[in-house]
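Presented below is the structure to which this report refers.
The values are calculated or read from the model by the stated rules, or taken from the named source; none is laboratory data. Computed from a predicted structure; not experimentally measured. Cβ placement follows ideal geometry from the backbone for every residue including glycine, while neighbour counts extend to all protein chains displayed. The area values use the complete protein model at the heavy-atom level, side chains included, leaving out ligands, DNA and RNA. Shrake-Rupley method; radii C 1.70, N 1.55, O 1.52, S 1.80 Å.
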Amino acid sequence: MDEAERTRRAQAGRRAAEELAARGVSAVAVTWVDTSGVTRVKAVPSSRLEHAAAWGVGMSPAFDFCMVDDSILKGRFAAGPVGDLRMHPDADRLAVLAALPGWAWAPADRYGLDGERHPHDGRGLARRAVERLAADGYGVRASFEIEWALSAGHGDEFVPACSGPAYGMTRLMEQADYLRDVLDAVTASGVAVDQIHPEYASGQYEISVAASDPVAAADTVVLVRETIRAVSHRHGLRATFAPMVLADGVGNGAHVHISLWRDGLNLMAGGDGRYGLTQPGESFAAGVLSRLPALLAIGAPSAASYLRLIPFHWAGAFACWGWENREAALRLVTGAAGDGARAANFEIKSFDGAANPYLVMAGVLAAGHAGLGEKAVLPEPVDVNPAKLGPEHGIAALPSSLEEAVRALESDDALEEALGEAMVRTICLVRRGEAALFDGAGEEEVVARTRWIH
Ligand code: GLU
Ligand code: MG
């Protein structure tokens with residue numbers, strides 16, 4: 001970090017601290033998301049924000065090697081007990097947390113003591129991927145859908161907090177005060193909500209937020225999840241974004257909506273390709289589709305992810321694409337006739353709520369960028385449930401285990417170049433560590449041990 005950047009951050013921190021003081025906000029939670037998708041935190045008093053923004057807050061780099069059970073792995077890029085890094089709250093993205101009175105939140109940018117970006121800084125990697133696309137004239141708009149399961153009480157058993165049917169008005173009525181409080185708290189923290197509704201699985205709800213710049217989209221998913229968690233707690237409820245909550249149920253997805261733009265135009269619409277795709281729009285999507293097995297090591301990072309990622313669950317278990325096909329890994333959304341230029345996007349359905357959203361963005365943008373460079377072409381679209389197609393159609397199932405996804409990531413040069421060797425090796429190390437952690441565990445046990453972590 002150079003002097004000018006440090007000064008800029010200090011000024012932003014001072015302005016934010018003044019505003020917080022005026023609003024009676026005493027503390028700022030500074031979060032980052034680790035390799036296993038856990039949001040971790042250090043907090044500073046608001047009066048310390050200016051200093052923290054400029055110089056960072058100390059944190060052990062060992063947490064990048066942490067697994068979901070909080071044990072820390074050793075490896076080539078692992079720091080062990082020695083060393084430190086600095087977490088700089090990004091005061092430009094600060095939000096006052098309506099659900100936690102007196103608290104604000106800011107995402108961290110992570111630097112080494114030498115002032116260089118830390119190689120495991122997912123937010124920095126996502127930003128770099130955005131900048132690389134921008135250098136070629138492309139912009140991206142993205143959002144994460146947020147599904148969560150809501151349990152009555154604070155206990156470890158999952159007790160669905162509603163009993164009405166999927167998408168049922170009964171479910172909304174059962175938790176009307178709570179859902180209104182979620183909506184109000186998320187909106188008050190500066191997030192534009194598109195919709196909120198009861199989902200399909202037992203006790204499940206969903207909130208959709210407006211698309212934005214990819215880094216902002218990753219920040220937003222952290223902010224919204226922690227807001228939902230806080231509102232739930234206050235209502236005597238427990239929320240989880242874990243991939244699976246009950247072994248035999250439908251899971252929580254964290255679908256990514258993504259569109260490529262150039263000169264203010266949405267390249268997922270208005271072209272002469274299939275369903276109006278432009279050539280770059282198609283190539284970007286094809287780059288993502290061809291790398292989905294490797295991207296699963298990032299977007300479906302938990303042993304529990306592979307209990308969710310199965311056919312007939314609308315989870316995107318097949319490496320194919322299709323117009324409005326909810327069983328395809330890539331669902332092309334064109335919007336209502338006349339609205340395509342604004343609304344068209346690809347939804348990546350295979351990812352879940354255990355994923356680090358910054359790494360997801362970094363990986364997806366890198367994959368799409370590689371597709372642009374290759375002028376990649378999408379295969380034939382699939383307009384039926386791919387699970388019902390015979391092998392002669394050549395539609396591959398996506399990896400069905402962490403090990404399979406890790407092997408795909410290890411052999412993907414484009415992703416390694418984009419994310420850096422230290423990040424990719426660490427992702428693989430942590431995934432293998434977690435695979436070993438759950439080796440021999442039955443489905444019920446995997447679900448029980450991962451239910452409340454994300
Ligand atoms: N809950 C499903 C999943 O695991 C997705 C349902 C939907 O299409 O929204 O991804
Ligand atoms: Mg949904």
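Accessible area per residue for the range 296-369 is 24 Å², calculated with a 1.4 Å probe on protein heavy atoms, without ligands, DNA or RNA. In the chain, the portion of solvent-accessible area held by carbon and sulfur atoms comes to 54 percent [1.4 Å probe, whole percent, DNA, RNA and ligands not counted].
Converting the Cα gyration tensor eigenvalues of the range 81-161 into ellipsoid dimensions via √(5λ) gives semi-axes, longest first, of 32, 21, 15 Å. Shape call for the range 215-323 from the C-alpha gyration tensor, a ≥ b ≥ c root eigenvalues: rounded (a/c under 1.5), prolate (a/b greater than b/c) or oblate? Verdict is oblate for the range 215-323. Accessible area per residue (1.4 Å probe, heavy atoms of protein chains only) ranks S46, S163 as S163, S46, with the largest value leading.
Principal semi-axes of the equivalent ellipsoid, √(5λ) from the alpha carbon gyration tensor of the range 45-94, are 27, 12, 9 Å from largest down.
Longest stretch of the chain clear of exposed loop sites (GluC sites (Glu not before Pro), DSSP loop, at most 16 other Cβ atoms within 10 Å, sites excluded): 158-323. In the full protein context, the range 114-202 carries 47 Å² of accessible surface per residue, based on a 1.4 Å probe and ignoring ligands, DNA and RNA.
Which trypsin sites (Lys or Arg not before Pro) from the range 20-78 combine a DSSP loop assignment with at most 14 other Cβ atoms within 10 Å? Here the trypsin sites (Lys or Arg not before Pro) that fit, given the DSSP loop and packing criteria, are R23, K74, R76.
Here, the range 256-377 is characterised by an Rg to Rh ratio of 0.97, where Rg is the alpha-carbon radius of gyration and Rh the Kirkwood radius. Each listed q (0.05, 0.10, 0.11 Å⁻¹) maps to a log10 I(q)/I(0) for the chain, found by the Debye formula over equal Cα scatterers with no solvent: -0.16, -0.69, -0.85. Shape class of the range 8-140 from the alpha-carbon gyration tensor: oblate, with a/c at 1.5 or above and b/c at least as large as a/b.
Can you grab the distance from the C-alpha centre of the range 394-454 to the C-alpha centre of the range 130-195, Å, no decimals? Value for the Cα centre distance between the two parts: 25 Å. For the range 1-66, divide the Cα radius of gyration by the Kirkwood radius and give the resulting Rg/Rh value with two decimals. Rg/Rh for the range 1-66 comes to 1.04.
Summary value for the range 179-240: 29 percent relative contact order, contacts being C-alpha pairs under 8 angstrom separated by 6+ residues. Rounded if a/c is under 1.5, else prolate if a/b beats b/c, else oblate: with a ≥ b ≥ c from the C-alpha gyration tensor eigenvalues square-rooted, which is the range 343-440? Verdict is oblate for the range 343-440. Rounded to the nearest 20, the size of the Cβ-charge dipole of the chain about its Cα centre is 820 debye, with Lys and Arg at +1 and Asp and Glu at -1.
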